[in-house]
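Below is one structure, written out as structure tokens, with a few remarks after it.
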Amino acid sequence: MLADLKFALRQLRKSPGFAVTAILTLAIGIGANAVVFSVLNALILHPLPLLHGDRLVFLERMPSDSPNQSYPDYRDMRDQNSALSGLAAYRIDSAGLDTGKDPSRIWFYEASGNYFDVVGAQPYLGRFFHSADEHGPGSAPYAVLSYGYWQSQFGADPRIVGKTVQINKHPFNVIGVAPENFRGTELFFAPALWVPMVNENQIDGWNFLEERGDHTIYLLGRLRPGVNVASAESDLNVIANHLAAQYPQTDEGVQMRLVSPGLLGDTLGRPVRAFLGGVMLLALLILLATCANLGSLFAARAADRSREMAIRMALGSTRRRILRQLLSEAAILSLAGGVVGVQAAAMLLRWLSGWQVIPNSPIQVPVNPNATTYVVALLLAVVSGVLFGITPIRQVFRADAYQLVKAGASAARVWRRLTLRDVLLVVQIAVCAVLVTSSLVALRGLARSLHSNFGFSPEGAMLAKFDLHSAGYNDANAERFQREALESVQRIPGVYAAGYINFAPLGVVYSDTFVYANGTTDFRTVNSVADAIYYKVSPGYFGAAQTTLLAGRDFTWHDDAKSPKLAVVNETFARKVFGSVGNAIGGHFLRGDKSQFEVVGVVQDGKYRTLTEEQQPAMFFPFLQNTDTSTMLVVRANRSAPQLATALQKTLAGLDPGLPVLIETWPAALDTALFAARAATVALGVMGMLGAMLAVTGIFGMASYSVSKRMRELGIRVALGARRVEVMQAALGRSVKLLCAGSIAGLLMGMAASKVLESVVYEATPRDPLVVCGVLVAMVLVGGIAAWLPARRAAGVDPAILLREE
């Protein structure tokens, strides 16, 4: 074996072009799979790197598939269940943080006192808060810093424990720092700190701790040893049935389901798993194309060395020994390609882990490579080496030493029948077509997403976001400031439309509530007519957002607390609750708190939570009747975006210099909603490029080998008067036929495989005529680029030189 390895190294040293091509080709396949597997491993297979993390479960409410729970229900399930060793609550929020320097806006966890005990984390510095620290609302003003935030904002100061910071103008004592590898229990979210949930009123100015119908928290549990998911679900559903009997208005028909944590249950988990499964399949197809490419190269190399192998067999060597020597070459190349691919993948994964996906947000993707990634890459390299290394086995075992020595390396007759190289090339081209189809589907879906109807028009609009509660405002002076700010902004030269809404549609935060028909007396959820998303808006918002008013009127400044409660609803709400848009105007409905609202207007449908959602019922309330300190100004002006941003900053700073304000264009604010589509497009675009590169090398190798083996024949054809076109057709006709066969097969398979994109990329469809045309054009370009040099060589053949050399 050592002798075979030495001989293989000498052979590869004599053919550096072949060796480098094989190593880089394999590095593409191994690297792509290492990257995708590492992401799959981090997000799906082993999502939370915690002690006995496989025992952690996330609770969802059925039948609504909602991850949101209420705090009173949490307390009951925590205290009454026997299947979980612990049940913790948490939510994600933002606030203003003042450390004595420049105030900033942070994202953080509000967590129950037992949160750290349930997840099993240990502090890096100081201590964590626990259930014993909670003694009622506002009783635990403590903060635990994340390791990353401690490093970046406090310079890793070990004396940070015991110091006080201001969160929304309230003092919180820093009691500890979390360990470096712990970023909470939502994988895409990197928080600045954790605070106890019992301080909710101090942080947000309102209290959901006693509101059973207010579903604003997430629940995470740890299974007891020996208890499985099914048993735990049964135990929790017994409690849910008791709660439904006790609180029918809020808990009727609710059941619990346990799912994997880390991705807000199935809210993100289901589409992420489907997409990553599809991408992993495409990565394996790239590896298959890589093996087909290298198999074709090895088959051609074995054919070129047929005379050498014949002489070796004539001198007494066995076919088994020759095959072992070929496998030694394959093993060296596969390991070298694996090392290069893994190194490139590791660099890319480290960059991905530190990548700030969306500016001004804590969203990151923790996908650093680990030992599992390297082991899988090594196994793939070994398997790949065996796959392409045994390709020439048929040639070796069917070789006739006497005939090969006598006939030499001529192989004209090989090209008259289907060979293994032909099959491998068709497979490779088909895989390329699949990848190109998938990438074009994602690209078209993203293009549609950017220009589709959201129910509002982000183009040309500027947003100014601020939270008055974080700046110390209460409801009374917040309302006064909001009105004064809006009037001041409307006076900016060039501004022709302005209004505000409490939360941006398609943003991270949204609110929803059950709606009941007017006259309802039994407010159980089963009697609701809709579960509607709702917003609080000012007069002028619909005009600033360019949301079309279909019927009725907009809000005015007279729609205040002294007026009857009013609402503007969308088309879907009008049809679902009132039967039609016309019947909605002047109609009444009830919310879960039994308050009655009159509909004064109907606006067009829109997108509120995700781009891929079905049409959702939505309602809008006048802010003068529903005070909210969270404010997002929507401004349109006949000025450039930088000029308008400067004017907005100056205007708002003149009203309150200490108010943190984030100003950005509305399209930029949609980065969160478009993240999935963009990530899918980039990932599949890279896959398509890799597939195209492999197809180019495969077709080029096939065409070059074909031309080199038929040079004498082509020279004779030219000498006998064949035209240039006929020579090229004879030299490349077979490659063109294989390109067409592989492209058509790949296009059909790609259209079928691309269906998974429809749940990830908004309006993506593999049945788009432009996608079909794009794939055909791309494959023609791939074939043209790959065949250009061999075609030039075939067309420029000189019969005199060839025959003289012969």
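The values are calculated or read from the model by the stated rules, or taken from the named source; none is laboratory data. Just so it is clear, the model here is predicted, and its values are computed rather than measured. No Cβ is skipped: glycine too gets one built from the backbone with ideal geometry, and neighbour counts run over all protein chains shown. The accessibility values were calculated without ligands, DNA or RNA, using every heavy atom of the protein model including side chains. Shrake-Rupley method; radii C 1.70, N 1.55, O 1.52, S 1.80 Å.
Quick notes on this structure:
- Normalised contact order of segment 578-625, rounded percent, pairs of Cα under 8 Å and 6 or more residues apart: 23 percent
- For the chain, accessible area per residue (1.4 Å probe, heavy atoms of protein chains only), Å²: 43 Å²
- Measuring between alpha carbons in the structure, the pairs from LYS163/LYS465; LYS536/LYS565; LYS169/LYS650; LYS536/LYS607; LYS101/LYS169; LYS465/LYS565 lying more than 18 angstrom apart are LYS163/LYS465; LYS169/LYS650; LYS465/LYS565.
- Cα centroid of segment 557-589 to Cα centroid of segment 117-174, whole Å: 45 Å
- Scoring 258-264, 557-563, 452-458, 150-156 by mean Cβ neighbours within 10 Å over their residues and listing the highest first yields 258-264, 452-458, 150-156, 557-563.
- Charge context of MET197, other residues only, Cβ under 12 angstrom, K/R +1, D/E -1: -4
- Heavy atoms of THR548: accessible area, 1.4 Å probe, square angstrom to 10: 70 Å²
- For the chain, carbon and sulfur atoms together expose 59% of the accessible surface, with a 1.4 angstrom probe and every protein chain in place.
- Segment 91-224, relative contact order in percent, only Cα pairs under 8 angstrom and at least six apart counted: 31 percent
- For the chain, Kirkwood radius (reciprocal of mean inverse C-alpha pair distance, Å): 30.8 Å
- Expected 222 nm ellipticity per residue - DSSP helices of 4 or more, -39500 (n - 2.57), all of the chain, to 500: -16000 deg cm²/dmol
- Estimated vicinal HN-Hα couplings, Hz - segment 768-781 in sequence order (Karplus 6.51, -1.76, 1.60; Gly, Pro = x): 6, x, 5, 5, 4, 5, x, 5, 4, 5, 4, 5, 5, 5
- HN-Hα J in Hz across segment 149-166 - Karplus 6.51, -1.76, 1.60, θ = phi - 60°, x for Gly and Pro: 5, 4, 5, 7, 9, 10, x, 6, 5, x, 8, 5, 4, x, 7, 10, 10, 9
- Dipole of segment 10-77 [Lys/Arg +1, Asp/Glu -1 at C-beta], most positive-end residue of LEU51, VAL20, ASN41: VAL20
- Principal-axis tilt of helix 71-80 within the chain, Cα atoms, nearest 10 degrees: 80 degrees
- The packing ranking, built from the mean of other Cβ atoms within 10 Å per residue, places the peptides 655-663, 737-745 in the order 737-745, 655-663, highest first.
- Phi-based couplings in Hz for segment 510-527 (Karplus 6.51, -1.76, 1.60; Gly and Pro marked x): 8, 10, 9, 7, 7, 10, 10, 5, 4, x, 5, 10, 9, 8, 6, 4, 5, 8
- With Cα atoms, 0 to 90° folded angle of helix 641-655 axis to the chain main axis: 30 degrees
- Stretch gain in nm, segment VAL375-LEU549, where the contour uses 0.36 nm per residue and the Cα spacing is subtracted: 56.7 nm
- Of all DSSP bridge pairs formed entirely within the chain, close to 80 percent run antiparallel.
- The chain - percent relative contact order, Cα under 8 Å, separation 6 or more: 16 percent
- Around the amide H of GLY138, modelled in the peptide plane, lie the amide H atoms of ASN199, GLU200, ASN201, all under 5 Å away and 5 or more residues distant in sequence or on another chain.
- To the nearest ten degrees, helix 319-354 and the longest principal axis of the Cα atoms of the chain are 30 degrees apart.
- Charge context of GLY552, other residues only, Cβ under 14 angstrom, K/R +1, D/E -1: -3
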